[in-house]
Amino acid sequence: MNLTIGVYQSRDASGGYRWTTLALGPHTRGREGRSTVKLQQKLVEDLRSVIGELPVQELSYFQLPRGIRLERVQLELDFKRVRTGTETPRLSGLFPLILEPRWRTRDELMTIAYHPARQHEWFPVDTGASLEDQAKVFFTRAWAGLEPHEHDELRSNRKDTLKALAFMAQPKSLLDALGKKKGPWDDLEDEDRRERSGGKKKQKKSGGGTQVLHKLGTNLTLQAAEGTLDTGMPRSPYREQLQLLLGGERRTPVLLVGPPGCGKRTLLKRFVAEQLEAEGFQTHRNLDKVTEVWSIAGKRLIAGMSYVGDWEQRCLKVLEDTRGGRRILFVEDLHAFGRIGRSRESDTNLALFFQGALSRGEITLAGTVTPEQLQRLETDAPSFAALFTQVHVRSTRADETLRMLLHEARELESKHRIAWSPPLFPVLLEQSGTLFSGSALPGKALDLLRELATDQGSPGRELGVGELFAHLSRRTGLPDFLLRPQERLVPEEVHEALSRKVMGQPEAVRVACDLVARIHAGLTDPQRPYGVFLFTGPTGTGKTELARALAGYLYGDASRLVRLDMGEFQTPDAVARLTGDAWQPEGRLTRLIREQPFSLVLLDEIEKAHPSLLNLLLQTFDEGRLTDASGETADFTHTVIVMTSNLGARRKPAVGLGAPDARALELDADRAVREFFPPELFNRIDRIVHFSPLSRDVGEKVVEKELARLLSRHGLVSRNIFVAADEAVKRRIVEESFDPHLGARPLKRYLEEKVGQVLSDAIIRGPQAIMRLFQLYTREGRFEVQADALIPREPVAQGFALEPLLSLPIARLREKMLELREVVQGMRESEALGALSDQVRFHLERLRAGEHEHAESLFTLDAMRMYLEAFATQLELLARAPEEAEREMIEAERFGVERVGVDRWSQGTRIRLFSRRALEPVKAVSREQMLDALSEVFFLQRILRGISSADQHVVMLELLPLGQWRQGASTGSLLSRWLCSAYAHSRGEIESFAAHLPGGAVVSGGARQLREFLHLSAQEPVHAAIKLVGPGVRPFFEGEAGMHVWQSSGRLPEIVKVRVHEANAPAPAELLALHAVKLQAFHKARQEGVRPLPEDPEAAAPVVRAYRFEPPARQGTVSVLELDDYLLTHSGSHRVRTPAEALPALWRLRMSERVTP
């Protein structure tokens, strides 16, 4: 039965809707929500349930009264006249009234009025009187007893309206009221029916007329009615074909065939929206009169079905819900219907179940498949596949895709409130075609545009080419310089990055660098993987390590390595496990690559794989794709495939001929590889890379790397234990564990068994503290650990004067600078500055008398005096507000000229009194500049007492890395280099420096030599000393004295001890030499067990700062630094290129340490 009722719709300030039925008497219903379509659906469900229970005579309510209308009246209600003590004495505003015509008698018509929210309160309307006056009299009495919040809900905001709601319902008939007469066999049939159903009651249909479809599927028609369905742009001739096949009276099952991403699903969604429009939904707004398209999946049909016959019962209910021609099922995984449902006990599947109903035209199915999936469906269920009409969808051309991108961009602009840079679209189209070859246009380009808007977009931001490449770099893992063809690739940097990971294999590293260069140049075959390599050589030579390093460099993370041990695939079912079978269609390898197509695939020990697996690799190596048992294709065109093998490495040399050389080993490996691989597979390998046995020198480097991994494990890092190992430890590990025939693996076992056990005992028995320093050394043929508790440096008790100013706005900071300007003026007139002048005169007199040792003190003190004068001038400029300086410029422009020779006929000549260039230009003062100036004032206040002492303005800094960074070590301390750079660019002038470098080299000189070393050299010092002179440099650097510790997952934890020496300390080169002598004497006494031990120059000191930082893989990029400064009690994260960039902000705060009274 078709029914139409009236509905009052109101809308609140937040955009929500409320629907209330009209003229239904006791059956009035209301619903709230944000979607009018969902409101309609839920309200219709409520009304259907009511109608289904009503007697026939009460159906007269469910008809739309002719002439019903909405009026809004302005009312002023005074409740005090009818009721005293009411909380709301008066109520005024605009109120909605429903005017509904009703028959008083068969021949007489009357009109009643009521509020839609209180329909039981109504009054007859006198057409000869004012509606406002009648409503005022009636509602004054009717609403006097309501609560204040109820009064507020009665007003109209002029966003309300009347709607007609049409729907279909099945009421009770007169036959239902009569009931059914029982026959003699009915009780037996009821018992049999109960047995078959397991005692369950028959499931009632939902309000939408479905039993299970609303639980298993998604109503695409409802989404189209709401306007939330993504329909894309219309595409001919596919829209016409779908309208002909699915939109006519006799519908035909349709199968859209095309590559992934060509727009098959969007075409079906477009059909849903156009069919809704063709059936006049915008006119009648009745969802019961339109064709419904439901999206379902075969996997959901059988989900949770444990017993034989369960899923068949569910599918029977789906058929009941779908029969009748008003519903179309869009099946998401139609290609798998030939396999879903099949088990070892039964061959029944979904295709076989639905085939009969589909062939009889009782249901209509539509689906989308790729050509590979169609082939799989035709193999599994040929009769079922033959029932569908195939519509082949091609990929869009570049011009068509560009139009779709512009169309989608306009919608994304309004949705995310962003803007697009016009050059972005052709670049995005090109990059999507290059990087996502496993998908087709327009899908991959549109998906990339949506991802960019979602991930990078923020309100008001313009997205351009830079944001696109940043997003692509994060998604693929590929570095920027590989994505951008105009970026310059530095081969030396690539070689250095890979060489740090893999030692002693220069040829293998060179091959990996060549691959990176080809990818950057865009010269790899787009239809094949980036590269297919076979790594051969003895065990433990770095084959797997190079694969891991290449994965980390190319794709940004070593976790992008997909490692498959071929020893696990020796059985005949190896292919089925990798690509799936009838029972497990999703293969292991294809699933991993579909989830992450940008990865390195490592087939470890390929010689152990089953021969059938080698044949499978032919397609992958040649075409860059692999299809699993379900028809899903995995794209390998952006992967690097590496096979490792020991072929030819296990052969023993001939008796009496000695050990074979590297060339002989390569020839043996080549011969073994050719014998093992079939010719067609061998010819598809891009390069065979031979790994040579490790030498003893390489073994020492491997020890350093593996020891770094051991000492950075969670058990040490989580306990804040820092381990230092000297050269004797490294030499002993190499002597006792290195074997050139077995590679690096014996080293790893030795470290686990020997060093790891010693450290475990030290953790248990050593001193318990928040931080500890373990010094690993050898004594009497065994490893021992000297454990010292690292105590954080005591924090500053007086606090910092700058701390409360950090959150102030710039205007307040300028006011503070004006206050401190007077403080600086007081310093210039203080007794301390007078004493400084006296000291300058004294040293000048002594110098004139021929005592040249006073020259340095004279220079230092006079520099301090001049610095105070210059700083006072600078503070004056910074304290000036920009508007004051601008006002001076305006005054100079307006009043800085004079006219001469003026008469009544001429304006005379303009002469400029002074040039504007004589004024200081208006400069914007940054927040950092203001804070720097304020901290300098506080610092000068603190050091004022000792300002006349020359020792306060000279300092010698010694940076001493502890542990394995000795003179002659192969690597230096990166933390020492960072600290050297920070100190050299902080305060004062560099007078001299010296540094010991890896290998025993020494570099020394002045300021120019130090800056050349820091900027032009990539070497890291193993010991350094810097002499600085300048105002207050000694008190400035006193806070740096102590231990600096740095933790990183890729290197040994570094500990640098910073010493602040007196001004009369030896020169930097002499200081380093003296330290080496003391350290050698201490180590010798410790190994010999001498008691008491001499002074330990590397004894533990309080910890000043702790750094947790992963150096960026590429120069110039930033990484997260987690920093703890114990003196300042500061802990925070910073995005920096090096830790040196984070230190000036900490020093600024430390300079403002309050002076102890």
**Message:** Quick test for you: out of LEU70, LEU91, LEU97, pick the one residue that is in contact with a Lys or Arg (Cβ under 8 Å, 6 or more places away or on another chain) and not small (Gly, Ala, Ser).
**Reply:** LEU97
**Request:** Check the range 287-300 and report whether any residue there is more than 38 Å from the chain's Cα centre (by Cα), modelled with pLDDT under 95, hydrophobic (A, V, I, L, M, F, W, C) and in a helix (DSSP H, G or I).
**Result:** yes
**Message:** What's the total number of residues in the range 407-455 that are surrounded by 17 or more Cβ atoms within 10 Å (Cβ to Cβ), among the small types (Gly, Ala, Ser) and within 22 Å of the chain's Cα centre (by Cα)?
**Reply:** 3
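To keep it simple, each residue is scored yes or no on (1) of a type in the set (Phe, Trp, Tyr); (2) closer than 23 Å to VAL717 by Cβ; (3) surrounded by fewer than 17 Cβ atoms within 10 Å (Cβ to Cβ).
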| residue | (1), (2), (3) |
| --- | --- |
| ASN1064 | no, no, yes |
| VAL1077 | no, no, yes |
| PHE1082 | yes, no, no |
| ARG1148 | no, no, no |
**Prompt:** With respect to LEU617, is the statement that it is touching a residue at least 12 places away in the same chain (Cβ under 8 Å), within 24 Å of GLU545 (Cα to Cα) and within 31 Å of the chain's Cα centre (by Cα) true?
**Reply:** no
**Item:** Checking THR283 against (1) part of a helix (DSSP H, G or I); (2) farther than 28 Å from GLN170 by Cβ; (3) modelled with pLDDT under 90, the condition it does not meet
**Value:** (2)
**Message:** Just checking, does the range 375-382 include any residue being closer than 19 Å to VAL254 by Cβ, part of a helix (DSSP H, G or I) and acidic (Asp, Glu)?
**Reply:** yes
**Request:** Look through ALA1069, ALA1041 and report the one residue that is out of contact with any helix residue (DSSP H, G or I) (no Cβ under 6 Å at 6 or more places or on another chain), surrounded by fewer than 19 Cβ atoms within 10 Å (Cβ to Cβ) and under 22 Å from ASN720 (Cα atoms).
**Result:** ALA1041
**Request:** Name the single residue, out of those in the range 301-315 being under 43 Å from the mean Cα position of the chain (by Cα) and of a type in the set (A, V, I, L, M), that is surrounded by the fewest Cβ atoms within 10 Å (Cβ to Cβ).
**Result:** ALA303
**Message:** Cβ-Cβ under 7 Å, sequence separation 6+ or interchain: first residue in the range 708-720 and assigned to a helix (DSSP H, G or I), partner among the acidic types (Asp, Glu). Which pairs?
**Reply:** none
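Residues are listed down the side, and each one gets a yes or a no for (1) free of Cβ contacts under 8 Å to residues at least 60 places away in the same chain; (2) more than 40 Å from the chain's Cα centre (by Cα):
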position: LEU229; (1), (2): yes, no
position: GLY247; (1), (2): yes, yes
position: VAL257; (1), (2): no, no
position: GLY263; (1), (2): no, no
position: LEU268; (1), (2): no, no
position: ALA278; (1), (2): yes, yes
**Asked** Quick one: which of ALA634, ALA629 is farther than 24 Å from THR536 by Cα and either modelled with pLDDT under 90 or assigned by TED's automatic domain parsing to the domain that holds GLN375 (or both)?
**Response** ALA629
**Fill in**
From the option list SER1133, SER1119, single residue qualifying as without any contact (Cβ under 8 Å) to a residue 60 or more places away in the chain, touching an Asp or Glu at 6+ places or on another chain (Cβ under 9 Å) and loosely packed, with under 15 Cβ neighbours inside 10 Å is SER1133
**Message:** Can you find a residue that is among the acidic types (Asp, Glu) and farther than 30 Å from LEU614 by Cβ anywhere in the range 522-534?
**Reply:** no
**Item:** Restricting the range 9-27 to residues that are surrounded by 15 or more Cβ atoms within 10 Å (Cβ to Cβ) and not in a strand (DSSP E or B), the residue that is nearest to the chain's Cα centre (by Cα)
**Value:** HIS27
**Request:** Just one of (1) assigned to a strand (DSSP E or B); (2) out of contact with any Lys or Arg (no Cβ under 9 Å at 6 or more places or on another chain); (3) over 30 Å from GLU492 (Cα atoms) trips up ALA1145, so point out which.
**Result:** (1)
**Scope the range 593-606; condition surrounded by 17 or more Cβ atoms within 10 Å (Cβ to Cβ) and either part of a helix (DSSP H, G or I) or not assigned by TED's automatic domain parsing to the domain that holds TYR555 (or both); matching residues** = ILE593, ARG594, ILE606
**Message:** When you scan the range 83-92, do you find a residue that is over 17 Å from GLY145 (Cβ atoms), out of contact with any helix residue (DSSP H, G or I) (no Cβ under 9 Å at 6 or more places or on another chain) and in contact (Cβ under 8 Å) with a residue 40 or more places away in the chain, even just one?
**Reply:** no
**Message:** Looking at the range 364-371, can you tell me whether even one residue there is more than 44 Å from the chain's Cα centre (by Cα) and either over 30 Å from LEU448 (Cβ atoms) or in the same structural domain as LEU319 (by TED's automatic domain parsing) (or both)?
**Reply:** no
**Asked** Taking the range 451-491 as the region of interest, how many residues are without any contact (Cβ under 8 Å) to a residue 24 or more places away in the chain and among the polar types (S, T, N, Q)?
**Response** 2
**Asked** Of all the residues that make up the range 383-405, how many are out of contact with any helix residue (DSSP H, G or I) (no Cβ under 7 Å at 6 or more places or on another chain) and part of a helix (DSSP H, G or I)?
**Response** 4
**Request:** Any residue in the range 669-683 that's not assigned by TED's automatic domain parsing to the domain that holds THR644: show its pairings with residues that are loosely packed, with under 15 Cβ neighbours inside 10 Å and not basic (Lys, Arg) at Cβ separation under 8 Å, as long as the two are six or more apart or on different chains.
**Result:** none
**Request:** Out of the residues in the range 730-761 that are of a type in the set (Ser, Thr, Tyr) and surrounded by 12 or more Cβ atoms within 10 Å (Cβ to Cβ), state the one that is nearest to GLY715 (Cα to Cα).
**Result:** TYR750
**Message:** For the structure I just gave you, tell me whether ALA366 is over 25 Å from SER439 (Cα atoms) and not in a loop (DSSP other than H, G, I, E, B).
**Reply:** no
**Asked** Is the range 551-559 home to any residue that is among the polar types (S, T, N, Q) and at pLDDT below 90?
**Response** yes
**Complete:** Considering the range 727-745, residues that are out of contact with any helix residue (DSSP H, G or I) (no Cβ under 7 Å at 6 or more places or on another chain) and of a type in the set (D, E, K, R), and then whichever is nearest to GLU700 (Cα to Cα), we arrive at ARG731
**Request:** With a cut-off of at least 3 residues that are free of Cβ contacts under 8 Å to residues at least 60 places away in the same chain and outside the structural domain of GLU706 (by TED's automatic domain parsing), name the strands (runs of 3 or more DSSP E) lying wholly within the range 958-1073.
**Result:** 989-996
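The values are calculated or read from the model by the stated rules, or taken from the named source; none is laboratory data. Not measured: the values here are computed from a predicted model. So basically every Cβ, Gly included, is an ideal-geometry build from the backbone, and we count neighbours across all protein chains shown.
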